[in-house]
Amino acid sequence: MTTDAAISHQLTTREGVVLDVRPATEADEAALSAFFDAVSEQDRRFRFFAAGEHVSHDQLDPLIHADHFRSESYIAFDHATGELVASGLLACDGKLDTGELAVSVRADYRGQGVGWALLDLLAREAERRGVRRVISIESRDNHAAIEVERDKGFTPEAFEGDPTLVVLSKTFR
């Protein structure tokens, strides 16, 4: 659960869900672990490109130890209930030329604009930091994420060396 003092952004989704969003910290590891246990196995596979019933400490480490410059990890809470409902990560290359985005939404909040709102926040943060281009690497089977990203102006490209993946990119300047 989040506190008002920790909120860095408050977003309202297209369906009217109010989200309190803040950077994840080391203290959030257990909550993130429980969150990823609550998403579908398919969603965990899409996010981490690995199947499994549980997300490991090593997989959570980049989410709880962002450097707040080249990387930022956000967690979103339903304002009404205080429940953790989404996670988003921005990870930029060393030159801040390209940033990779990744979003996960709890199954019972899918279709309510949570992913859209978090994707917008991550893209704005990347642009604010001077990143030229953002990408999202998706399984070709992840039709929902691909559709959202295309609706948000991302362009699909082949992922060199792996025909099961697609890169969706958006250039800011």
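The values are calculated or read from the model by the stated rules, or taken from the named source; none is laboratory data. Given the structure is predicted, the values throughout are model-derived calculations rather than measurements. Don't worry about glycine lacking a Cβ; one is built from the backbone with ideal geometry, like all the others, and counts go over all protein chains shown. Just so you know, the surface numbers come from the protein's heavy atoms only, side chains and all, with ligands and any DNA or RNA stripped out. Shrake-Rupley method; radii C 1.70, N 1.55, O 1.52, S 1.80 Å.
Once backbone amide H atoms are built at 1.01 Å from N, L19 has L11, T12, T13, H79 as its partners under 5 Å, excluding neighbours fewer than 5 places away on the same chain.
Solvent-accessible area of the chain (1.4 angstrom probe, protein heavy atoms only): carbon and sulfur portion equals 49 percent.
When Lys and Arg each count +1 and Asp and Glu each count -1, what net charge do the other residues less than 13 Å away from I135, Cβ to Cβ, add up to?
Values: positive: R132, R133, K152, K170; negative: D93, D97, E100, E138, E149, E157, E160.
My count for the surroundings of I135 gives -3.
Would you please report the Å³ per residue occupied by the convex hull of the alpha carbon atoms in the chain?
Details: hull volume 20.0 nm³, N = 173.
Hull volume over Cα atoms, normalised by residue count, gives 116 Å³.
Measuring nothing but alpha carbons in the stretch 76-138 and taking Rh as the Kirkwood radius, the Rg to Rh ratio lands at 1.03.
The tail of the calculated P(r) for the stretch 17-105, taken as Cα-Cα distances beyond 18 Å, holds 43 percent of the pairs.
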